1. Could we say that B:Asn302 is within 16 Å of ligand 1 (Cβ to nearest atom), over 18 Å from the mean Cα position of the chain (by Cα) and surrounded by fewer than 24 Cβ atoms within 10 Å (Cβ to Cβ) here?
2. Take the stretch A:40-72 and flag every residue that is near ligand 1 (Cβ under 9 Å from one of its atoms), in a loop (DSSP other than H, G, I, E, B) and more than 9 Å from every other protein chain (Cβ to nearest Cβ).
3. Across the stretch A:183-194, which residue is surrounded by the fewest Cβ atoms within 10 Å (Cβ to Cβ) among those that are away from ligand 2 (no atom under 16 Å from the Cβ), of a type outside the set (Gly, Ala, Ser) and part of a helix (DSSP H, G or I)?
4. Please name all residue pairs, on different chains or six or more residues apart, with Cβ atoms under 7 Å, provided the first residue is in the stretch A:427-451 and is within 14 Å of another protein chain (Cβ to nearest Cβ) and the second residue is hydroxyl-bearing (Ser, Thr, Tyr) and surrounded by 13 or more Cβ atoms within 10 Å (Cβ to Cβ).
5. I'm told A:Asp130 meets every condition in (1) more than 9 Å from ligand 1 (Cβ to nearest atom); (2) of a type in the set (D, E, K, R); (3) surrounded by 17 or more Cβ atoms within 10 Å (Cβ to Cβ) except one. Can you identify the failing condition by its number?
6. Might you check whether a residue that is more than 14 Å from chain A (Cβ to nearest Cβ) and buried (at least 24 other Cβ atoms within 10 Å of the Cβ) occurs anywhere in the stretch B:330-345?
7. Checking A:Leu216 against (1) open to solvent by 30 Å² or more (accessible area, probe 1.4 Å); (2) part of a helix (DSSP H, G or I); (3) not polar (S, T, N, Q), which single condition isn't satisfied?
8. Return the residues of the stretch A:223-279 that are farther than 24 Å from A:Trp133 by Cα and part of a strand (DSSP E or B); say none if nothing qualifies.
Amino acid sequence: MRVVIVGNGVAGIEAALALRAREPGATITIVSEESDHFFSRTALMWIHSGQLRHEETEPYERDLYARERFERVRARAVGLDPEAHTVRLAGGLAPLPYDRLLVACGSRPRPTPWPGAELRGVGHFVTHQDLAWLEREVWGGPSRGGSPPRPDAHLAATDERSPYRPRPDGHAARGGPPRHPVVIGGGLVGIEAVEVLLAAKLTPRFLVREEWFWPLALDRAEADWITGRLRAHGVLVHLGEHVEALEGEGTLARVRTDRASYDADVCVVAIGVVPNTDWIGDALARDAGGGVLVGPGLETSAEDVFAAGDCASVRWFHGARMPEPLWYTARAQGRVAGRRLAGDRADYARGVFYNSSKLADVEHTTVGLVSMNVEGERNWRFEERGAVRSTLRVVLAGERVVGMNALGRRWDHAVWIRWIEERRSLAYVLSHLAEASFDTELVPPLVVPRDAREAPPEGPAPSVIDAPLPAPEA
Amino acid sequence: MDLQGQDGLLTTWREGWRARGVAGWLVAALLTGFYVDLYFTDHLEPAARALGLPSKWMLYGAIYSVAMVGGAIYYLRAHGNGRYHRVRVGVNVAVQIALAFLLPLVMPWFGGEEFYFSYLWPLDWYKLHPATLASLPVHLALYSLLGSLIAAPLLAWRFGKRWYCSWVCGCGGLANTFGDPWRHLTSKRAAAWRFERVAVHTVMVLAILSTALLALDHVVGERHETLRLVVASAEPWSIKRLYGLVVGAVLAGVVGVGVYPLFGPRVWCRNFCPMAAVLGLAQKLGRFRIRVKPDMCISCGNCSTYCEMGIDVRAYAQRNESFTRAACVGCGMCAHVCPRGVLRLENAPPDERVRLPLAR
Ligand SMILES: Cc1cc2nc3c(=O)[nH]c(=O)nc-3n(C[C@H](O)[C@H](O)[C@H](O)COP(=O)(O)OP(=O)(O)OC[C@H]3O[C@@H](n4cnc5c(N)ncnc54)[C@H](O)[C@@H]3O)c2cc1C
Ligand code: SF4
């Protein structure tokens, strides 16, 4: 059996491993444009600062491909012919035939919607090539972590639509690191770019369109804590400010917003990601955002073709179909896809949503329905300012706990998920908090005084985002 | 911030002296030179006398303590927001200064023995030699025997070997403080792990065997000349002399500390320390574990990179596997640098222990 996997990311590799475990004899070919080796995309920021080297961000030793007999093609897939069962490649390479195909091509940065996207000094922070660009802008060359092996090997077989093309930088023309770095976009990647610039001892300007940082996950008070910490580090945080243009003569000189115009020599545009699927065209059914529509078994509209990871539009717990651009979901989908490629039955079942992150040194955990404007929603809030500073928000629908959002402490999301599934009350949860605590040893436990345990009165939900739940698709 | 989690991004690999740059090699050469000088010459004796210290070993103890204090300051500046680190390093430095330097220094002034409470057999291989035991007052001999054979493994079974290797031990203490700038240099490769298992258990067996032979010699050596010659004589090739030279001086000192800036600070502890091997076995059977939150790991590699014992923590974390590795000294750094709070060191309740085959 010949299996082709487009994508050397977590979804593609997990699928390949799961398939190999079931089909020792299958021919498995992994097509990847970006890199020779599977690496953790989530770790780009640490390579930039010097906390990690490239090799350390690779979850398996480099002999993985030889050990598991995965063939690799370092080229861009530019088309798909489901009838003929072939994948077309750039660079004049022969089309790859497959018996079964997995599309795991991830996301690409959301394109810059303002004039000036092409200026030297403007870039993103999503791919290895983006990282190399920002390393050159800041350090004048690769960080001490070096470069990944054969960083340019795909350039012989790519096209101009690829997000993996190297970007020119302005370090030499400037004669040094940026003096006026700007980051646009108040999400996770945006704040990581800010931290990366801080670690290089630069003071970035941080332009956020929303009224507070990351309203998808935080309420105003929570966000204020994070932006307060960024400001304490010298970051120039602008909230509720809309970018209108990136300006300059060939090289970025200014960023103009609806309020002012700022000097700028490097600008990281981090306004989200979109499915990296334009090369697929009409070969597979896709949603409005470009995600490849998949069924419960990750099957696509074409026979023998599956999709997993950031590029797959899956059905969420609330019924809507859209991609889940997360590491652990890509991994879980990859494992299901691997079993599908082997011909086994397996379904991708999405449970209660959860995630964790770190925002300007503050640990963040979220579980369940948070910032979703659930009907009849009430938010119980607690703020701790003793030896530990932390916040805990429990979301209630009626008497039932449906979500939690926490900053500053570590929590075991698995216990919260169980509570949500068991339809526990606020009183129950607050008297069992210790079970869900995941703080390191010797950290004093969170104690919520009895008089702070009352649920807030029923009433209109303290609106966190105005956007209603995405409507489920037919 | 807030008592756990790494503050800010580290710039480790951008600092040449920490990244096997020229300065790193230079430091390694200096350290190695110092240990060769210390073990194989008497150059330091006059300096010790001039400072009013009884021997070069006391001078070494003073230098050692200063290095540990300096290293502890470095460590706490880098990771000191972590409460676990603050307490652990504080205790470790205090033990070194009180039990491994001041007490041995002052005890003779009061007519007592020079005795190192914080070093136990088989790390302090001489502690259970019959000749040593015989020369000690009964309570100290009992301390050596019970501490080494019963208390140390029992505590490791209950709390993990960390109680010794990163809260008490001087070798571990130096590694964790003075050696901290190089902790990321310990190899994480599977091949390094294979070497570790063979090497450390070999030394353990040698330590036990040689101690047993010395005991045998103590009982019957008078009547068996060859045994005495091979085991306990002053010949340079006798077991007693060879073990002292190879394990005590070359592996623990010259190699163990000399290569800090090249292969990380735990080369000795990981590959050669017989005490670490014994306590590691107790740990494997015991309650200590690293708990992994299910499906939260983003495979970033920070935990593995900053593990000074070369454990590929990520390999377990991304498989959602709570685990106990014999090598783990419980320094707490993986849990500290993990950006997603996936890891937790803990002494699990008895029914929740991870049971893994000893060989893993
Ligand atoms: C800076 C950053 C930080 C992040 N942090 C987190 C986090 O903390 N937590 C979290 O849950 N998620 C995080 N994410 C998201 C997470 O990284 C992604 O969800 C995950 O990597 C998706 O994996 P994937 O396998 O679907 O795709 P990708 O990792 O994007 O892999 C795509 C693969 O497809 C290949 N490819 C694409 N198109 C083609 C083509 N046409 N031809 C050939 N090959 C092609 C590429 O070479 C690549 O190998 C972060 C993302 C970024 C950018
Ligand atoms: S356990 Fe934490 S530090 Fe280790 S790889 Fe996973 S997310 Fe990174």
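1. Criteria not met by B:Asn302.
2. In the first step, residues of the stretch A:40-72 are kept if they are near ligand 1 (Cβ under 9 Å from one of its atoms); the result is A:40-45.
Narrowing further to those that are in a loop (DSSP other than H, G, I, E, B): A:40.
Result: no residue meets the conditions.
3. Step one: filter the stretch A:183-194 for residues away from ligand 2 (no atom under 16 Å from the Cβ), giving A:183-187, A:189-191, A:193-194.
After this cut, where a residue has to be of a type outside the set (Gly, Ala, Ser) as well, the list is A:183-184, A:189, A:191, A:194.
Adding the requirement that they be part of a helix (DSSP H, G or I) leaves A:189, A:191, A:194.
On the way: A:Val189: 23, A:Ile191: 26, A:Val194: 28.
Looking at residues that are away from ligand 2 (no atom under 16 Å from the Cβ), of a type outside the set (Gly, Ala, Ser) and part of a helix (DSSP H, G or I), I get A:Val189.
4. Final answer for the pair search is A:Thr440/B:Tyr84; A:Glu441/B:Tyr84; A:Leu442/B:Tyr84; A:Pro445/A:Ser437; A:Leu446/A:Ser390; A:Leu446/A:Ser437.
5. Of the numbered conditions (1) more than 9 Å from ligand 1 (Cβ to nearest atom); (2) of a type in the set (D, E, K, R); (3) surrounded by 17 or more Cβ atoms within 10 Å (Cβ to Cβ), the odd one out for A:Asp130 is (1).
6. No - not one qualifying residue is present in the stretch B:330-345.
7. (2)
8. Result: A:His238, A:Leu239, A:Thr257, A:Ser261.
The values are calculated or read from the model by the stated rules, or taken from the named source; none is laboratory data. No experiment lies behind these values; they were computed from the predicted model shown. When we count neighbours, we look across all protein chains shown, and the Cβ atoms used for this are built from the backbone with ideal geometry, even at glycine. Accessible surface areas use protein heavy atoms only, side chains included; no ligands, DNA or RNA. Shrake-Rupley method; radii C 1.70, N 1.55, O 1.52, S 1.80 Å.
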